[in-house]
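S.K.: Can you keep this structure in mind? I'll have questions shortly.
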Amino acid sequence: MAKIQVQHLYKIFGPHPNRAMKMLKQGKSKDEIMTAIRHGVGVNNATFDVHEGETVVVMGLSGSGKSTLVRCLNRLITPTAGSILVDGQDVLTMDDSELRELRQRKMGMVFQNFALFPHRTVLENAAMGLEMQGVPVAERLRKADEALALVGLEAWGASYPNELSGGMQQRVGLARAMALSPDILLMDEAFSALDPLIRRDMQDELINLQDKMRKTIVFISHDLDEALKLGDRIILMKDGAIVQIGTPEEILTDPATDYVARFVQDVDITKVLTAESVMKRSEAVAYLRTDGPRTALRKMRKHNIAHLFVVDQNNQLVGIISADGAAALAAEGKDRLSDAICTDIKIVSSTTPAQDLFTIMADLPYPLAVTDENNRFKGVIVRGTLVAAIAERRGAA
Amino acid sequence: MNTIRLPVGAIIDRAIDFLVEHLSFLTKAGADIIETVLGAIERGLIAIPTPGFIALAALAIWLLTKDRKLCLGSIIGLILIWNMGLWAATVSTIALVAVSTFCALAIGIPLGIMAAISSFLNKIVTPILDIMQTMPAFVYLIPAIPFFGLGKTAAIFSTVVFSMPPAIRFTYLGIRQIPTDLVECSTAFGATRWQRLIKLDLPLAAPTIMAGINQTVMLALSMVVIASMIGAKGLGGEVWKAIQRLQMGRGFEAGIAIVIVAIILDRVLQKLGAPKQQQKEAV
């Protein structure tokens, strides 16, 4: 079952939400409703799931309703209609104490402008959530200290927030949420207020933390690069409605609407494409145990290529053999390939970003082999196919 | 114009008469209590030998503010008052201000907190505050007499009414000015309204509330002088006597004593009101 299930969620801002709801159902747009009855449409019929341990990035321009949507999840904003289930529990029917329980234990939130209490030390800030739970002082300070250590700030506990840089302040914000050991982290534009270099560091740090902690994260961002980097899946919003949900690659390569296409057209596609998505799954390989030089030469002729990768019986890459090498072996009458195999070759893993491939492939006399984490042969990349694959994706986007 | 004159004054007269008739036994009893408390405080203060009092005051100011100039100035000022023969009157005035301020804050700060939490209450309180602040101070003296009789309690009553608005206003303002992202954050971490008040609102509003307290003290001091007309005595009483006898020098002496007390109170309270963070940054 999904960790968070959101179904047909609406949020209307204004004194008569029902009138706006009626207009929405008639197919009126956000702008039409605003001009007609001065009601804002925050979220318009949002339906999505977030799975356990997944990072979902909700992305869109400002005013697209992404911040409203995430505030509905812990009911900082009360939705107009729809349902939100967290671990199967309906958030919208919770009374005050159940809601506090949810916020205190299950959902940690990180804010765009850090929202640290200026009159409290870093340690006291990190302990704030536990303090609201009523955890005894000694225990909550110990846990807060652990959380600070997690983000590398254990030495700063006695400082005040205004003595810290923006990046460090946001680490405190993150530690404050982590100290609750919540299942779910809600991160509202958490890195948007940081300058680009710090932002990238924080993104890397979040990815590292996430590898260790496997929290369920709902991350709000207006930065597509950030969404592509952090998100297992991306929810793209426009005017309060969800326009597409998909993996970063799906969003880029298969945009659901013109809006998404326009949104993603400026992305440097080489950052997103991986070696796997641009390689050719080649059937043309030589098998070390069974193939002799003549078989290898025949395979090369058939596929019109000058090199052949050699694999063992477990499909593990052994090396490469050239047409010249195979021909020489054949002339000497040898029936094993092993003597002519060049084992000193360049290999990339299937997850290598396409942009790194250009430098790796420069001056490489033969194609590039792609393997998985167990060194099993997956495919080949030749210069021509790399450029073609990128050009093709770009044309589509 | 006279044919359609609205009976505003008559209505107020009748309302106050009604209240006096049914409440004065309570207010008079209250007056007795306040008179007793005030008398005790005054006697206690005056029992301290003057040089000892000045030394104690200087020590307290030093401990509270660590400001050498302020400390020294206070000593000189207080000695000057003593020298002018106004010590007893000054102590009496300080006691009056202390009791009035205490009452004004005890009512005003909680009221300000409640107004900040409930916008409904705020809608009721705001116009009343507007009236309280623009009504000429002398007007408060009149109803004080039937309720409390001529004397110090009547003076305290009108002083409390006159000096309370800033305590309410500044408390309200301080809490309303808490950044919304901090408020949202405390909610997101599951704070109850009470937790938010204690852990966020009041600490962050403290400098603003202190400014309100300062204002309240200053207004109380000025009103205590005016209230000498209904028997507040003290420094105001000296001024009042000087007016009636046309003793300009004596009047100014009392006036100077009031200024000295006001400046000392104001500077000390300002120092206390400065937020600790800023002091730290300034170092």
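What follows draws every value from the coordinates through simple rules; no lab data is involved. Note that the coordinates shown come from a computational prediction; the quantities given were computed from them, not determined experimentally. Virtual Cβ from ideal backbone geometry, glycine too; neighbours counted across all protein chains shown.
S.K.: I'd like to verify something in chain B: which complete DSSP H helices, judged by Cα projection on the helix axis, reach 20 Å or more and average at least -1.0 on the Kyte-Doolittle scale?
M.R.: Once both thresholds are applied, what remains is B:8-47, B:50-65, B:68-83, B:87-117, B:119-134, B:152-176, B:202-226, B:248-273.
S.K.: Can you give the net charge of the other residues whose Cβ lies under 15 Å from the Cβ of A:Gly152, counting K and R as +1 and D and E as -1?
M.R.: -3
S.K.: State the three equivalent ellipsoid semi-axes of the stretch B:117-160, derived from the C-alpha gyration tensor as the square roots of 5 times its eigenvalues, in descending order and whole Å.
M.R.: They are 26, 12, 7 Å, listed largest first.
S.K.: Hey, how many Å between the Cα centroid of the stretch A:178-210 and the Cα centroid of the stretch A:226-267?
M.R.: Measuring centre to centre over Cα atoms gives 20 Å.
S.K.: Output the Kirkwood hydrodynamic radius of the protein assembly as shown, Cα pairs only, in Å rounded to one decimal.
M.R.: Across the protein assembly as shown, the inverse of the average 1/r is 32.1 Å.
S.K.: Which of A:Pro248, A:Pro367, A:Pro118 ends up with the largest GNM mean-square fluctuation for chain A, with Cα atoms connected below 10 Å?
M.R.: Sorting by GNM fluctuation, first place goes to A:Pro118.
S.K.: For the pairs A:Lys215/A:Lys378; B:Lys66/B:Lys152; A:Lys25/A:Lys238, note any where the Cα-Cα span goes beyond 23 Å.
M.R.: Result: A:Lys215/A:Lys378; B:Lys66/B:Lys152 exceed 23 Å.
S.K.: If you take every DSSP beta bridge whose two residues both sit in the protein assembly as shown, what share of them, in percent to the nearest 5, is antiparallel?
M.R.: Here the antiparallel bridges make up roughly 55 percent for the protein assembly as shown.
S.K.: If you average the C-alpha positions of the stretch B:32-79 and of the stretch A:33-99 separately, how far apart do those two centres end up, in angstrom?
M.R.: 60
S.K.: Going by C-beta contacts inside 10 Å, put B:Ser100, A:Ser181 in order with the fewest on the left.
M.R.: A:Ser181, B:Ser100
S.K.: What is the sum of charges, Lys and Arg at +1 and Asp and Glu at -1, for the other residues whose Cβ falls under 10 Å from the Cβ of A:Gly63?
M.R.: Summing Lys/Arg as +1 and Asp/Glu as -1 gives +2.
S.K.: Given the options A:Met237, A:Met300, A:Met168, which has the most mean-square fluctuation in a GNM of chain A, springs set between C-alpha atoms less than 10 angstrom apart?
M.R.: Sorting by GNM fluctuation, first place goes to A:Met300.
S.K.: If you build a Gaussian network model of chain A, linking Cα atoms that sit under 10 Å apart, which residue out of A:Asn44, A:Asn374, A:Asn113 swings the most?
M.R.: Most flexible of the set in this elastic network: A:Asn374.
S.K.: Among DSSP beta bridges whose residues both lie in the stretch A:276-397, state the antiparallel percentage, nearest 5.
M.R.: 65
S.K.: Going by how many other Cβ atoms sit within 10 Å of their own, how do A:Arg200, A:Arg262 line up, fewest first?
M.R.: Values: A:Arg200 15, A:Arg262 11.
By the 10 Å Cβ count, ascending, the order reads A:Arg262, A:Arg200.
S.K.: Arranged by the count of other C-beta atoms within 10 angstrom, fewest first, what order do A:Glu332, A:Glu124 take?
M.R.: Fewest-to-most Cβ neighbours within 10 Å comes out as A:Glu332, A:Glu124.
S.K.: Then there's this: Below 8 Å, C-alpha to C-alpha, sequence gap of six or more: please give me the relative contact order for chain B in percent.
M.R.: The normalised contact order for chain B reaches 23 percent.
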